[in-house]
Amino acid sequence: ENTIYHDDDAAHSYIEEKTVAVLGYGSQGHAHAQNLAESGVDVIVGLREGSASRSAAREDGLTVATPTEAAAAADVVSMLVPDTVQPDVYAAIESELAAGDTLQFAHGFNVHYDQIEPPEDVDVTMVAPKGPGHIVRRQYAAGEGTPGLLAVYRDATGEARQEALAYADAIGCTRAGVIETTFREETETDLFGEQAVLCGGVTELVKAGYETLTDAGYSEEMAYFECLNELKLIVDLLYEGGMSGMWDSVSDTAEYGGLTRGEVVVDDHTRKQMETVLEDVQNGEFAREWIAENQAGRPSYGQRRRAEKAHDIEDVGEELRGLFAWSEESHREKANAPAD
Ligand code: NDP
Ligand code: MG
Ligand code: MG
C-alpha cells in the first residue's frame, strides 16, 4: 500500500528559504505559483519573451523572467509547461541546474520515457495535484486542498522527499492528502486510465451504444440521451458512492440488466485488448508513437480530431444542449440564490 501524507508530515522549513522557478503559467503553473507565493515561498515565473501569459502573471503580482533567467535564480525548477514542449524548455534551462537544485514535475512522462535526463547531482521529484489548476487554486484560497501524488525519482541531496512534501504543503495538497507513488507508476497508470477507460474507453462505448440504437431505427435524440447525456448521472453516483452507491440508486431492473449484460459487452476480448494497450504503455511503444507524431506535426492526430468532431452524435448533442441550456441556467441561479 502506498503511504499517504498529511499536513503534519510536511515541514515548511524545507522550502521557505528557497526560490522556486515556475516555468509556465497555464492550468497548473498559475495555481502553483500563486499558492507557493501566498505560502511565503519566493517565486519567479519563467515565460518566453512575448508569451501571452506574461501579463497575467504580472497582474497577479508575480515576478516574471525568461525560463533560463528564472532557473538560474532558483533552487527548485517546477516544469509546468505542456508535456510536449518540456524537452525543448529543459534544453534551455539545463545549464542553470546546479548541484543540489531540484527539478520538479507534475507528470512523469518525460522523465520516465527518457525525454529529459537531468544531471546526477540534481533532485528530481513530482508533486501532481489530482485536479486541474483552477481547482488547485480555488481550494487553496478557500483554506482547503486538492489531493495529490508525490514521487522521488532521484534523491541527490537526501532531502528530496521532505522538500517535495513541503512543496505539496505549500500548494495546499497535504491539506487533502498526498499519496506516494513513483514516476513509473504515475505515468503508466495515467496513460492507461485515459486511454482504456476515461477518455478512449468511454467515448467508444458511448459511440457504439449510440450507433447500435440509431442503426436499429431509434431516434438520434433518444440515443443521445440514453447513451451520452445520462452518463453524467451515473458518473456522479459512482464518484459519490462507488459501484454500490450507483447500484443502490438505480432501479432493480437497471441493476439486474446491468449486472447480467455489462459483462456481455465488456468481455474477455475487451480485457485482452486492455492488456495490449497496457503493454504499449509499459514497453514505451505508445510514447515513441506520440513523440514521433508530434515531431511530424501531428498529421494523424489532426485527422482523428476532425473525424471525431464530424460524428452525428456531436450535431444532435449541440442542438439538444442548446435547447436545454435554459434549464441548466435556471438550476445554477437557484443554486446560487441566497436561502431565505
Ligand atoms: P498548460 O497547457 O496549461 O501550460 C500552458 C503554459 O505553458 C502557458 O503559460 C504557456 O505560455 C506555456 N508554454 C507553452 N508552450 C511553451 C513553450 N514552448 N515555451 C515556454 N512556455 C510555453 O499546461 P498544464 O498546466 O495543463 O500542464 C503542465 C504540467 O502539469 C504537465 O506536465 C501536465 O501533465 C501536468 N498536469 C496537468 C494537469 C491539468 O489538469 N492541466 C493535472 C495534473 C498535472 P505561452 O503563453 O507562452 O504559450
Ligand atoms: Mg539554479
Ligand atoms: Mg492524464
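The values are calculated or read from the model by the stated rules, or taken from the named source; none is laboratory data. Remember, predicted model here, so these are calculated numbers, not experimental data. So basically every Cβ, Gly included, is an ideal-geometry build from the backbone, and we count neighbours across all protein chains shown.
Miscellaneous remarks
- Output for segment 178-200, where each listed residue is surrounded by 14 or more Cβ atoms within 10 Å (Cβ to Cβ), within 10 Å of ligand 3 (Cβ to nearest atom) and farther than 11 Å from Val277 by Cα: Glu186, Thr187, Thr189, Asp190
- No other residue among Leu228, Leu213, Leu233 is in the same structural domain as Leu323 (by TED's automatic domain parsing) and under 29 Å from Glu275 (Cβ atoms) apart from Leu228.
- Matching option when the condition is of a type in the set (A, V, I, L, M, F, W, C) and at pLDDT below 95, among Ala52, Ala73, Ala37, Ala57: Ala52
To keep it simple, each residue is scored yes or no on (1) within 27 Å of Arg184 (Cα to Cα); (2) not acidic (Asp, Glu).
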position: Thr270; (1), (2): yes, yes
position: Glu275; (1), (2): yes, no
position: Val281; (1), (2): yes, yes
position: Ala287; (1), (2): yes, yes
position: Pro299; (1), (2): no, yes
position: Arg304; (1), (2): no, yes
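- Count of segment 26-55 residues, restricted to those that are closer than 24 Å to Lys130 by Cβ and either within 16 Å of ligand 3 (Cβ to nearest atom) or among the hydrophobic types (A, V, I, L, M, F, W, C) (or both), is 10.
- Residue pairs meeting the criteria (Cβ under 7 Å; at least 6 apart or on separate chains; first closer than 12 Å to Phe225 by Cα, in segment 318-329; second modelled with pLDDT of 80 or more and surrounded by 10 or more Cβ atoms within 10 Å (Cβ to Cβ)): Leu320/Glu221; Leu320/Tyr224
- Any hit, segment 8-22, residues being in a loop (DSSP other than H, G, I, E, B) and over 29 Å from Glu180 (Cβ atoms): no
- Helices (runs of 4 or more DSSP H) enclosed by segment 32-116 - at least 1 residues per element that are closer than 27 Å to Thr187 by Cβ: 67-73, 86-93, 109-112
- Among the residues making up segment 29-40, those that are in contact (Cβ under 8 Å) with a residue 40 or more places away in the chain, buried (at least 17 other Cβ atoms within 10 Å of the Cβ) and under 13 Å from Gly172 (Cα atoms) are Ala31, His32, Gln34, Asn35, Leu36, Ser39.
- Ile313 passes every criterion in (1) touching a Cys at 6+ places or on another chain (Cβ under 9 Å); (2) of a type outside the set (Ser, Thr, Tyr); (3) modelled with pLDDT under 95 apart from (3).
- Residue list for segment 194-245, restricted to those being closer than 27 Å to Phe109 by Cβ and outside any helix (DSSP H, G or I): Cys199
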